[in-house]
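S.K.: Quick one: the structure is below, questions incoming.
The values are calculated or read from the model by the stated rules, or taken from the named source; none is laboratory data. Just so we're clear, the structure is a prediction, and the values are computed from it rather than from any experiment. Neighbour counts are summed over all protein chains in view; Cβ atoms, including those assigned to glycine, are modelled from backbone coordinates with ideal geometry. What goes into the accessible areas is simple: the full protein's heavy atoms, side chains included, and nothing from ligands, DNA or RNA. Shrake-Rupley method; radii C 1.70, N 1.55, O 1.52, S 1.80 Å.
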Amino acid sequence: GSSPSESGMTGRLTARDAVAIGLLASFVVTAYTMELYWLVYWRELPQRTDVMALLYRAYGHADLGYYGGVTSFEVGLESFHVAISQPLHLALIYAIVRGRPYRYPLQLALAAYVCYSTVLFLTAKYMSGYAQMPVHDFGSQLMLHLANMPWILGNLYLAIDAGVAITGRCRAVSAASA
């Protein structure tokens, strides 16, 4: 819930704020390193031998959509994620640090759509019979799903955190006006 010790009231960051900033920072760093690299080099990944290309080659065992079998869906998804989601993640970090009143609505909206888009991505993989998975084995399934779990679980946490804070504030306003 909300309490007077929240960063917006005292100027100090809480443990919840630190967790949120940590998750958001990890998403931004991943996007501006691995995902941006992929957007720049996806056409030539099979010919590249640098560490990032080798990581994508390993992930290609679970999803050729990111290595050698790229479609407009993956390019569009990652382009949106890098160009739109990351500036919003940075704006959310700013809102948390500065105690801005739009923090929780932005956090809820952003976390909900990133979590939803990741679940939708995995659902599309499932509905296609994992068409872009060269070998349908436990290791490939594990790689596909574990690689995407931080975006599902991290954003689920952020959405719940925002929902709890918003609900607490609504209760406080309701009690004050009663």
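S.K.: Pairs needed: first member in the stretch 89-102, buried (at least 16 other Cβ atoms within 10 Å of the Cβ); second member anywhere, outside any helix (DSSP H, G or I) and among the acidic types (Asp, Glu); C-beta distance under 8 Å; at least 6 residues apart or different chains.
M.R.: GLY99/GLU6
Yes or no, residue by residue, for (1) open to solvent by 70 Å² or more (accessible area, probe 1.4 Å); (2) over 27 Å from PHE138 (Cβ atoms); (3) part of a loop (DSSP other than H, G, I, E, B):
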{"residue": "LEU39", "(1), (2), (3)": "no, yes, no"}
{"residue": "PRO46", "(1), (2), (3)": "no, no, no"}
{"residue": "THR49", "(1), (2), (3)": "yes, yes, yes"}
{"residue": "LEU54", "(1), (2), (3)": "yes, no, no"}
{"residue": "ALA58", "(1), (2), (3)": "no, no, no"}
{"residue": "VAL70", "(1), (2), (3)": "no, no, yes"}
{"residue": "PHE73", "(1), (2), (3)": "yes, no, no"}
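S.K.: Part of a helix (DSSP H, G or I), modelled with pLDDT of 95 or more, under 20 Å from the mean Cα position of the chain (by Cα) and surrounded by fewer than 19 Cβ atoms within 10 Å (Cβ to Cβ): is that true of ALA20 in this structure?
M.R.: no
S.K.: What are the residues in the stretch 103-128 that are under 19 Å from ILE166 (Cβ atoms) and open to solvent by 70 Å² or more (accessible area, probe 1.4 Å), if any?
M.R.: Listed by number, the residues that qualify are PRO105, TYR116.
S.K.: Could you tell me which residue of the stretch 143-178 is nearest to TYR56 (Cα to Cα), considering only residues that are within 22 Å of the chain's Cα centre (by Cα) and free of Cβ contacts under 8 Å to residues at least 12 places away in the same chain?
M.R.: Looking at residues that are within 22 Å of the chain's Cα centre (by Cα) and free of Cβ contacts under 8 Å to residues at least 12 places away in the same chain, I get LEU146.
S.K.: Please find, among PHE121, PHE138, the residue that is farther than 24 Å from THR33 by Cα, out of contact with any strand residue (DSSP E or B) (no Cβ under 6 Å at 6 or more places or on another chain) and not hydroxyl-bearing (Ser, Thr, Tyr).
M.R.: Result of the check over PHE121, PHE138: PHE138.
S.K.: Could I ask something else about it? Would a scan of the stretch 129-141 turn up a residue that is under 20 Å from PHE27 (Cα atoms), touching a residue at least 60 places away in the same chain (Cβ under 8 Å), in a helix (DSSP H, G or I) and in contact with a His (Cβ under 7 Å, 6 or more places away or on another chain)?
M.R.: No, the stretch 129-141 contains no residue that is under 20 Å from PHE27 (Cα atoms), touching a residue at least 60 places away in the same chain (Cβ under 8 Å), in a helix (DSSP H, G or I) and in contact with a His (Cβ under 7 Å, 6 or more places away or on another chain).
S.K.: Can you spot a residue in the stretch 79-91 that is touching a Ser or Thr at 6+ places or on another chain (Cβ under 8 Å), farther than 28 Å from LEU45 by Cα and small (Gly, Ala, Ser)?
M.R.: The answer is no; no qualifying residue exists.
S.K.: Please enumerate the residues belonging to the stretch 129-142 that are crowded, with 16+ Cβ neighbours inside 10 Å and either farther than 11 Å from ALA62 by Cα or hydrophobic (A, V, I, L, M, F, W, C) (or both).
M.R.: The one that is crowded, with 16+ Cβ neighbours inside 10 Å and either farther than 11 Å from ALA62 by Cα or hydrophobic (A, V, I, L, M, F, W, C) (or both): MET133.
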